[in-house]
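Just so it is clear, none of the values below were taken in a lab; they were calculated from the coordinates. This is a predicted model, so every value here is computed, not measured. Glycine gets a Cβ as well: all are built from the backbone with ideal geometry, and neighbour counts include every protein chain shown.
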Amino acid sequence: MKKWIPFLLSFLILSGCGTQQAANGYQQITMDEAITLMEEEKDSIILDVRTQDEYSESHIPGAVNIPNETIGTDEIPELPDKEQLILVYCRSGNRSKQASEKLAALGYTNVKEFGGINDWPGETVSGLS
């Protein structure tokens, strides 16, 4: 039995490494995973963290715009449910990572960052919605 203890401990430690959950509290996922979640999880929020001008030029249909620069330490009225699935993107993936870290620090527990609209294979819309 004592032979198995190191094996089991190693297994538990390594199995915890299998998830892509970042130490900072959000999960980075692929574009394909994001698309699947958008199709399956109808109560999710698609969050565009680019500037309002960038958002109005082109964004994923149904996305909500909250610029990364405006996310701080205050509660976010547009995101009242901290357990709701939030799919975060920006232009190239940098601001979406920053925003995801901030959201996790605010207590949001289901944040998934999927990069930037530059890699988005689907349709986009323009204007403010």
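Loop-only trypsin sites (Lys or Arg not before Pro) in region 35-85, please: DSSP not H, G, I, E or B, and at most 11 other Cβ atoms within 10 Å.
Values: sites: Lys42, Arg50, Lys82; in loops: Lys42, Arg50, Lys82.
Here the sparse-neighbourhood loop sites are Lys42.
Where Lys and Arg each count +1 and Asp and Glu each count -1, what net charge lies around Tyr26 among other residues with Cβ under 10 Å from its Cβ?
Details: positive: Lys97, Lys102, Lys112; negative: Glu101, Glu113.
Once all neighbours under 10 Å are counted, the net charge is +1.
Stretched out fully, how many nm does the piece from Glu78 to Asn94 gain, at 0.36 nm a residue minus the Cα gap?
Between Glu78 and Asn94, full extension yields an extra 3.6 nm.
On full extension of the chain, what length is gained from Thr30 through Glu69, given 0.36 nm per residue of separation minus the C-alpha to C-alpha distance?
Values: separation 39, 0.36 × 39 = 14.04 nm, distance 2.38 nm.
So the chain would gain 11.7 nm between Thr30 and Glu69.
Using the Cβ atoms and a cut-off under 15 Å, what net charge is assigned to the surroundings of Phe114, where Lys and Arg are +1 and Asp and Glu are -1? Mind showing how you got there, number by number?
Working: positive: Arg50, Arg91, Arg95, Lys97, Lys112; negative: Asp32, Glu33, Glu39, Glu40, Glu41, Asp48, Glu101, Glu113, Asp119.
Residues close to Phe114 contribute a combined charge of -4.
Provide the net charge surrounding His59, with neighbours chosen by a C-beta distance below 15 Å and charges set as Lys +1, Arg +1, Asp -1, Glu -1. Show your work: numbers first, answer last.
On the way: positive: Arg50, Arg91, Arg95; negative: Asp48, Asp53, Glu54, Glu57, Glu78, Asp119, Glu123.
Summing Lys and Arg as +1 and Asp and Glu as -1 gives -4.
As an exercise, identify the GluC sites (Glu not before Pro) in region 92-129 lying in DSSP coil whose Cβ has no more than 16 other Cβ atoms within 10 Å. Could the numbers behind the result be given before it?
Values: sites: Glu101, Glu113, Glu123; in loops: Glu123.
Within region 92-129, the qualifying GluC sites (Glu not before Pro) (loop, at most 16 other Cβ atoms within 10 Å) are Glu123.
Return the whole-Å distance between the Cα centroid of region 81-99 and the Cα centroid of region 26-55.
7 Å
I'd like to compare 72-78, 25-31: which one has the highest average count of other Cβ atoms within 10 Å, and what's the full order after that?
Working: 72-78: 9.3, 25-31: 17.4.
Put in order of decreasing packing, that is 25-31, 72-78.
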